[in-house]
Amino acid sequence: MKTTLFFSVLFATLFLLPFEQISAQEEDPFEDGTVWSITFVRTVANKTNDYLKGLSQTWAASMEEAKKEGLIVSYKILRGAAANKEDFNLVLMIENKNMAMLDPDKKREDAFDAIQKKVQEKMGDKFDATVTNYDNIRDLQGTKIMREIHLKK
């Protein structure tokens, strides 16, 4: 009987106690926020303003429409000095409600296509020239998806 009791206590100590400790771990010190798609851009010397003028007619116009239609939460452009020759000097940011908004969705894709078509029609012949010129005045450095977090107090 003593042997059975000993093994029962040993079993509880060795196997059940670690699970109790795992469940008692502290929660994350933050809450999830919105999800950002962030694109890093390096413009050619003395062409940043040209690029930004084009973006105002194409990308920003599309983002405004997407925001009105509830496809995105917001968008931003950040500008700063590049740290070296290979570094970016612009950051294009699109805020989405959650990660699911980045999943493939035919209805959402069609809505973005309609927005692009609307912007393209508004610009006429300038649209193709503007978009084609992007390859000459900027280099896309990459894109990241990052979640905004809100620290708990």
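Here, each number is a calculation from the coordinates, and none is a lab measurement. Only a predicted model underlies this, so the values are computations on that prediction, with no experimental measurement involved. So basically every Cβ, Gly included, is an ideal-geometry build from the backbone, and we count neighbours across all protein chains shown.
Assorted remarks:
- For the range 30-151: rounded, prolate or oblate by the Cα gyration tensor [a/c cutoff 1.5]: oblate
- Residue-wise HN-Hα coupling along the range 132-142, computed from phi with Karplus coefficients 6.51, -1.76, 1.60 (Hz; x: Gly, Pro): 5, 5, 3, 4, 8, 10, 8, 10, 6, 8, x
- Sorting Glu26, Glu65 by the number of Cβ atoms found within 10 Å of their own Cβ, with the fewest placed first, yields Glu26, Glu65.
- For the range 34-45, the Karplus equation 6.51 cos²θ - 1.76 cosθ + 1.60, evaluated at θ = phi - 60°, returns couplings of 6, 10, 10, 9, 10, 10, 9, 10, 10, 8, 5, 3 Hz by residue, with Gly and Pro reported as x.
- The number of Lys pairs in the range 82-153 with C-alpha atoms less than 25 Å apart, excluding pairs fewer than 8 positions apart on the same chain, is 19.
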